[in-house]
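Each remark here refers to the structure printed beneath this line.
Every read-out reported here was derived from the displayed coordinates using simple, explicitly stated rules and does not represent laboratory data. Values in this document were obtained by computation on a predicted structure and should not be read as measured data. Cβ sites come from the backbone with ideal geometry, for glycine too, and all protein chains shown count toward neighbours.
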Amino acid sequence: MAIESAKYKLLKKEKDFEVRVYDEISLAMSKENDFRGYSGFNEAFDYISGSNDQNRKISMTTPVINELNQDSMTMAFVMPSEIPFDSLPKPRSNRLSMIKKENMVFASIRFSGTVCPTLLEKKKKELAQWMSANDLIPGSVVWLARYNPPFIPGFLKHNEVLISIENSKILTDISGRI
């Protein structure tokens, strides 16, 4: 059974690095205190399991996203694309918010392994270096995206770090060459 993944347009690919545009993504998002998802994951999982004002079960999608800010972190589930944002059920938990993100442009790096702080920082640094070498100005949004359940062995896991891109002229140049 295939699980839906967040849809994006690929603008550039180079080994494990990509530049992508996400036109629209709906997220069930909560505050998180640890990127391993001890509290936020359960909030979002309860929501898609029917803890919402419609008692509606919602299909699991990928990736599970942590937004990593300087002083805070969130955990989010991507909502299925067939459900318009305005039709999503309202969460019962006041810790969970429904968020619509539009026209997000990211550079990404794909990697395997069980995510730990050391690996996460290493991949963020590699992506920042690649962005610099490609004249891409990093924005303020950093995502950790995970595509597999925790019981999958680390070497089989698909993870990504994504950093938003600020400079639209470079993006116009990149998309014009594809």
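One table, with the values for the structure above:
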| read-out | value |
| --- | --- |
| Calculated FRET efficiency for the pair S93/S140, C-beta based, R₀ 25 Å, to 0.05 | 0.40 |
| Net dipole in debye of region 9-176 [+1 Lys, Arg Cβ; -1 Asp, Glu Cβ; about Cα centre; nearest 20] | 340 debye |
| Set of lysines near K57 by C-alpha distance (under 24 Å), chain-local residues within fewer than 8 positions excluded | K7, K31, K90, K100, K101 |
| Shape of region 1-100, Cα gyration tensor, a/c cut at 1.5 | oblate |
| The chain: most fluctuating residue of P138, P91, P153 per GNM, C-alpha cutoff 10 Å | P153 |
| Ellipticity estimate at 222 nm from DSSP helix runs (n ≥ 4, -39,500 (n - 2.57)) divided over the chain, nearest 500 | -6000 deg cm²/dmol |
| Per-residue Cβ neighbour rank within 10 angstrom, fewest leading, S81, S51, S30 | S81, S51, S30 |
| Reachable lysines from K123, criterion Cα separation under 19 angstrom, eight or more residues apart if same chain | K12, K13, K15, K157 |
